[in-house]
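Single-structure report; data block below.
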Amino acid sequence: MDSRIVQDMEIVEREACYLIDTIETTLERIVNYNDLNEQEIKSIKDMAIMMLQEWS
């Protein structure tokens, strides 16, 4: 594989991991602040996953 493609893939992977970490941290803060139930938490996580899929 072309080294440039590999570099681009590594950058995308790092950015995706950073985004996922940020989303998880934000979800923890939201849950702690709002006392959400399990369904509400699942809904927020599902929305975050859909957004990540759209961005990739």
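The values are calculated or read from the model by the stated rules, or taken from the named source; none is laboratory data. Just so it is clear, the model here is predicted, and its values are computed rather than measured. With ideal geometry, Cβ positions are generated from the backbone for all residues, glycine too; neighbour counts draw on all protein chains shown. With ligands, DNA and RNA removed, areas are computed over all heavy atoms of the protein, side chains included. Shrake-Rupley method; radii C 1.70, N 1.55, O 1.52, S 1.80 Å.
Here is how the numbers come out for the structure above:
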read-out: Members of the range 23-39 that are open to solvent by less than 80 Å² (accessible area, probe 1.4 Å), without any contact (Cβ under 8 Å) to a residue 24 or more places away in the chain and of a type outside the set (S, T, N, Q); value: LEU27, ILE30, VAL31, LEU36
read-out: Of all residues making up the range 40-53, the number that are open to solvent by 60 Å² or more (accessible area, probe 1.4 Å) and in contact (Cβ under 8 Å) with a residue 12 or more places away in the chain; value: 1
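Residues are listed down the side, and each one gets a yes or a no for (1) out of contact with any Ser or Thr (no Cβ under 8 Å at 6 or more places or on another chain); (2) of a type outside the set (S, T, N, Q); (3) at pLDDT 80 or above:
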{"site": "VAL12", "(1), (2), (3)": "no, yes, yes"}
{"site": "THR22", "(1), (2), (3)": "yes, no, yes"}
{"site": "VAL31", "(1), (2), (3)": "yes, yes, no"}
{"site": "ASN37", "(1), (2), (3)": "yes, no, no"}
{"site": "ILE41", "(1), (2), (3)": "yes, yes, no"}
{"site": "MET47", "(1), (2), (3)": "yes, yes, yes"}
